[in-house]
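Following: one structure in structure tokens, then a few remarks.
Quick note: the coordinates plus some simple rules give every number you see, no bench work behind them. Keep in mind that this is a model prediction, so the values were computed, not measured. Reconstructed Cβ throughout: ideal geometry from the backbone, glycine too, with neighbour counts over all protein chains shown.
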Amino acid sequence: MSRFSGFYKKTRQERIDILNQERMLQAKTVEILRKNQNLPENIAGKMAENHLGTFCLPFSVVPEFLLDGQEYSLPMVTEEPSVVAACSFGAKIIGRSGGFTSDIQNRLMIGQVALYNVAEPQVAQKNIEHETATILSLANQAHPSIVKRGGGARTLRTEIKDQFLIVYLSVDVKEAMGANILNTMLEGIKDYLEEISRGKALMAILSNYASESLVTARCRITISSLATSAALAQETAEKIALASQLAQIDTYRATTHNKGIFNGIDGLVVATGNDWRAVEAGAHAYAARDGHYRGLSTWTIDREELLGQMTLPMPIATVGGSIGLNPKVQAAFDILGQPKARTLASLIVAVGLCQNFAALRALVTTGIQAGHMKLQAKSLAILAGATESEADIIAQQLRKEQHTNLETAKQLLATLRGN
Ligand code: HMG
């Protein structure tokens, strides 16, 4: 039996105790979780302008998430019911087939200086390419601390697009997300680029299309584990593969398919204090890389197995930004086991694939509402005042009622208690 069996039926305090025993959390993390400590007012006021207070969302955990042979607990921030349940369900089924594997093709961040009013773009392009070593050195001089950490500017390329001559700089930013590093370097090379191109720089800025930070997650699910009957399991796998094809050819479906993927990705990206707008923007651009917006994941059948695969740009960090400031983010990193950026990037892509699997499985079998109603019935039972043991009974009864609402839940609870 799993060490996390029935985890979601425990109280909040019990879940913290189990996590602590299993993950050996730092004492500070246990304190943050027990006292539900959030971002302090004085820090919040320094992070954003005109601040009035702080804004909370549920902070949850998905236990037993298997990636590259190692088990993780994933912290997730989401306001949407059934996301954490679905991800836990997906992680359980995929875990039984060996979990997820990942590989990282590269981890360089890209920025660009867009030049215009360049008299002779082809000549300017040659000049810039000829001066590559000097430009990379100037970029590194603009941000020496990243060079000391083993990172720094790596490559440079140019493209002429309409009236622009665009210079792309790729930088190894180590554990950072790199926005500040890139922007400082780009501004550091801008004047020299203007001089040798004899043009003007319109802007110098990081690109969120992190096409040199691609991460792939895969899983192979034994088809027989998808249902108790072999025929139903096969049918479910075939329908998941069909759903994946639909998301490749229909933009309406691709958008919802990808939204489901981001249910998981955003949950983990937000919990780890990363920039979810950057991750979303980059992934949606990647989804449209051949000119059509497509589903980001694919599911195919290979004999006895259902294969899931997804590649995404994943520009995330384990240091910098708001990461060190928010106690819940520190707790999230401790729950994760203090991963390096490469591992975190892999976990984020894998959680998206996991979430997608759970959503597709529900969609092609019971439909999405059944799971929602089940969870909603439980929440209504608790809202009506049911204890944990009463809640399961009331939830079951509620789902048979015509009106699944708070009033009915209260009536059922009164009847159960003999009032
Ligand atoms: P079920 O078969 O009724 O679940 O599915 P179950 O009660 O038999 O439990 C199975 C496992 O699910 C449990 O295992 C848990 O791991 C987990 P156990 O521990 O019992 O051995 N689980 C829970 N974990 C935490 N809290 C809970 C909980 N309940 C079960 N309360 C389930 C129920 C919700 C899992 C299923 O219906 C499902 O996966 N539905 C998909 C839900 C979903 O994707 N929601 C996201 C919102 S919809 C959306 O935005 C995206 C979408 O449009 C994307 C798209 O179109 O592609 C759908």
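A few notes on this one:
- Cut-off under 5 Å, modelled amide H: who pairs with residue 202 long-range: 114, 115, 116
- Quotient of Cα Rg and 2.2 N^0.38 Å for the chain, N being how many residues it contains: 1.14
- Amide proton proximity set for residue 405, modelled H, under 5 Å, gap of 5+: none
- Convex hull volume per residue in cubic angstrom - Cα atoms of segment 328-414: 125 Å³
- Applying 1/(1 + (r/R0)^6) with R0 = 60 Å to the Cβ-Cβ distance of residue 96 and residue 194 gives a FRET efficiency near 0.55.
- Ellipticity estimate at 222 nm from DSSP helix runs (n ≥ 4, -39,500 (n - 2.57)) divided over the chain, nearest 500: -16000 deg cm²/dmol
- P(r) histogram, all alpha-carbon pairs of segment 371-416 included - 10 Å bins from 0, percent: 36, 60, 4
- Label-point separation in nm, residue 406 to residue 129, each point 7 Å along Cα→Cβ: 6.8 nm
- Counting every other Cβ atom within 10 Å of each residue's Cβ, 56, 219, 354 order from fewest to most as 56, 219, 354.
- Karplus-derived HN-Hα couplings along segment 311-328 (A = 6.51, B = -1.76, C = 1.60, θ = phi - 60°), whole Hz, x at Gly and Pro: 10, 9, x, 9, x, 10, 9, 10, 9, x, x, 8, 4, x, 9, 9, x, 5
- Ranking of 299, 276 by count of other Cβ atoms within 10 Å, fewest first: 276, 299
- Hz values of 3J(HN,Hα) by residue in segment 226-236 - Karplus curve (6.51, -1.76, 1.60), Gly and Pro given as x: 7, 7, 6, 9, 4, 5, 5, 4, 5, 4, 4
- Were the residues from residue 157 through residue 392 laid out at 0.36 nm apart, the gain over their Cα-Cα distance would be 78.5 nm.
- Sequence of 57, 296 once ranked by neighbouring C-beta atoms within 10 Å, starting from the fewest: 57, 296
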